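Novice: Handing you a structure now.
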């Protein structure tokens, strides 16, 4: 499996889990919230909190890095 495919799968799974946690967490906190508003807030927060993917070209080959907004660590996928 290519590294870019593996990174895409990781990002999708992290995005999905983050979205579901935020959606059900907001729904738990605010019982009477409109579904459209719930979906919009969850989606925007998920986009902000999900990792960003960067492709770095090195002599040994391409390296994919995942970086979160609130974390100083960079996760490297080879």
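What follows is calculated from the coordinates using simple rules that are stated; it is not laboratory data. Keep in mind the model is a prediction, meaning the values are calculated, not measured. Here Cβ is always computed from backbone atoms with ideal geometry, including for glycine, and neighbour counts include all displayed protein chains.
Novice: Say each of residue 55 and residue 75 gets a label point 7 Å from the Cα, pointing the same way as Cα to Cβ; how far apart are those two points in nm?
Specialist: With each label placed 7 Å out from Cα toward Cβ, I get 2.0 nm.
Novice: Can you give me the C-alpha center-to-center distance between the stretch 25-40 and the stretch 43-68, rounded to a whole angstrom?
Specialist: For the stretch 25-40 versus the stretch 43-68, the Cα centre distance is 29 Å.
Novice: Sticking with this structure for a sec: Nearest 10 degrees, 0 to 90: what angle lies between the long axis of helix 35-49 and the longest principal axis of the chain (Cα atoms)?
Specialist: Once rounded, the angle reads 30 degrees.
Novice: Hey, another quick one. Quick one: if you take sqrt(5λ) for each eigenvalue of the C-alpha gyration tensor of the stretch 3-77, what semi-axes come out, biggest first, whole angstrom?
Specialist: Value: 32, 11, 8 Å, ordered largest first.
Novice: Next question, about the same structure. So how do 35, 54 line up by other beta-carbon neighbours within 10 Å, fewest first?
Specialist: With the sparsest Cβ surroundings first, the list reads 35, 54.
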